[in-house]
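Down below is the structure, laid out as structure tokens.
The values are calculated or read from the model by the stated rules, or taken from the named source; none is laboratory data. Note that this is a predicted model, so its numbers are computed, not measured. Here the Cβ positions follow ideal geometry from the backbone for every residue, glycine too, while neighbour counts run over all protein chains shown. Keep in mind that these areas ignore ligands, DNA and RNA; they rest on the heavy atoms of the full protein, side chains included. Shrake-Rupley method; radii C 1.70, N 1.55, O 1.52, S 1.80 Å.
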Amino acid sequence: MNSRHKTRSVTIRNIQIGAEAPVSVQSMTKCATSDVPAVIEQTHALASAGCDIVRVAVPDELSARAVELIARESPIPVVADIHFDYKLALITIAGGVDAVRINPGNMRRESHLRAVADAAKAAGITIRIGVNSGSLERSVLRKHGGPTAAALAESALICAHKCEAWGFSDIKLSLKSHDVAQTVAAYRKVAAACDYPLHLGITATGSGLEAKLKSAVGIGSLLLDGIGDTIRVSLSSSPLDEVELGIALLNVLGLRPRGVEFVACPTCGRCKVDLLNHLETIKRQLANIESGICVAVMGCVVNGPGEARQADIGVAFSDDGTANLFRRGKRYAGGPAEQMVERLVADARRLAPRS
Ligand code: SF4
């Protein structure tokens with residue numbers, strides 16, 4: 001993995017984004033924002049699932065006014081998502097929202113942008129300048145001949161530079177497109193040109209396996225480049241699925257270990273145990289572990305002992321119904337496979353995360 005792209009930091013309520021802060025996970029509520037009890041219930045569910053920051057859509061004045069209570073009751077910071085109407089941003093800022101997201105492609109008047117920047121500055125909150133390929137301003141589209149990666153980067157930077165000129169710099173940027181390669185190229189361009197914290201996401205991915213792959217490949221490629229300070233996986237499904245995938249993505253990249261990372265072999269003709277069954281048992285029993293540890297579950301002696309040694313704790317099955325346990329590089333127990341599975345679970349629960 002490349003070293004992390006250096007960014008300045010901004011704070012959204014108690015969550016720092018950028019600089020050395022861990023990469024945070026965001027999602028968005030999917031019920032009408034004016035339905036305050038439903039939104040608050042979703043924010044609690046998202047917080048319990050490990051979400052760090054939640055965004056709410058603000059399509060009208062009723063929603064904007066609802067944000068005050070939502071921000072007060074939400075256990076995690078709330079970002080108001082504003083398009084077109086700067087006055088909605090002003091209402092949410094006055095109501096105590098933790099941050100706002102604006103889209104420069106549909107908030108084009110400088111006086112409107114400036115009013116939002118001035119209000120955010122007075123309230124001490126962050127603005128996300130969120131550019132989307134589907135709503136770029138006409139002048140940028142004309143210059144670049146369409147919504148190219150360069151156009152996305154330029155649109156975000158023009159808006160950020162205006163805010164800076166007005167004395168407002170608590171800014172983070174996002175440049176989203178449904179096209180994975182284009183999104184990755186846009187983020188790389190903007191990262192090379194500035195030190196604003198970057199909010200990563202692939203937009204309008206849809207649902208199912210393809211949607212998950214788009215987010216995993218796009219966001220994952222950038223994170224491997226060292227680019228990205230906060231992420232939102234967009235899926236046409238429950239926001240809890242978005243958080244689950246976002247956390248898993250950070251987990252497999254070793255960026256923010258939470259819970260258990262499993263290393264398990266795919267099994268093959270050499271495997272003499274019901275590895276998939278053992279794996280599911282171990283996963284189920286370690287599902288509530290908070291600490292970020294790596295557990296290996298391997299089917300035979302070919303790669304088993306090697307992989308198990310490299311994990312924090314691991315089991316390597318043999319073909320005679322026995323298994324060996326390894327902990328941080330050393331074999332420490334061996335015996336009947338069933339007993340070793342039970343012992344692995346008990347020992348993993350006691351294991352502190354690697355410092
Ligand atoms: Fe097959 Fe053994 Fe490799 Fe598992 S560890 S895939 S059982 S060779």
If I filter segment 35-52 for residues that are under 24 Å from THR203 (Cβ atoms) and in a strand (DSSP E or B), do I get at least one hit? no
With the condition kept exactly as written, say whether any residue in segment 278-300 is within 16 Å of the ligand (Cβ to nearest atom) and among the hydroxyl-bearing types (Ser, Thr, Tyr). no
Considering segment 301-319 alone, what residues qualify as being of a type in the set (S, T, N, Q) and either within 12 Å of CYS265 (Cα to Cα) or within 11 Å of the ligand (Cβ to nearest atom) (or both)? ASN303, SER318
So for segment 64-78 (the condition being at pLDDT 95 or above and assigned to a strand (DSSP E or B)), does at least one residue qualify? yes
Conditions (1) at positive phi; (2) in contact with a strand residue (DSSP E or B) (Cβ under 8 Å, 6 or more places away or on another chain) -> GLY124 fails only (2)
State whether the residues of segment 83-105 include one that is assigned by TED's automatic domain parsing to the domain that holds PRO239, basic (Lys, Arg) and within 20 Å of ILE129 (Cβ to Cβ). yes
Single residue of segment 72-87 satisfying the filter (open to solvent by less than 10 Å² (accessible area, probe 1.4 Å) and among the aliphatic types (A, V, I, L, M)) that is farthest from VAL39 (Cα to Cα): ILE82
Counting only residues in segment 42-51 that are in contact (Cβ under 8 Å) with a residue 40 or more places away in the chain and open to solvent by 20 Å² or more (accessible area, probe 1.4 Å), the one nearest to ASN251 (Cα to Cα) is identified as ALA49
Looking at segment 273-355, what strands (runs of 3 or more DSSP E) fall wholly within it and have at least 1 residues that are at pLDDT below 95, surrounded by 14 or more Cβ atoms within 10 Å (Cβ to Cβ) and touching a helix residue (DSSP H, G or I) at 6+ places or on another chain (Cβ under 8 Å)? 293-298
Conditions (1) open to solvent by 50 Å² or more (accessible area, probe 1.4 Å); (2) in contact with an Asp or Glu (Cβ under 9 Å, 6 or more places away or on another chain); (3) within 16 Å of the ligand (Cβ to nearest atom); (4) closer than 15 Å to ARG349 by Cα; number of the one not met by PHE262: (2)
Any idea which of SER207, SER236 is touching a Gly at 6+ places or on another chain (Cβ under 6 Å) and surrounded by fewer than 18 Cβ atoms within 10 Å (Cβ to Cβ)? SER236
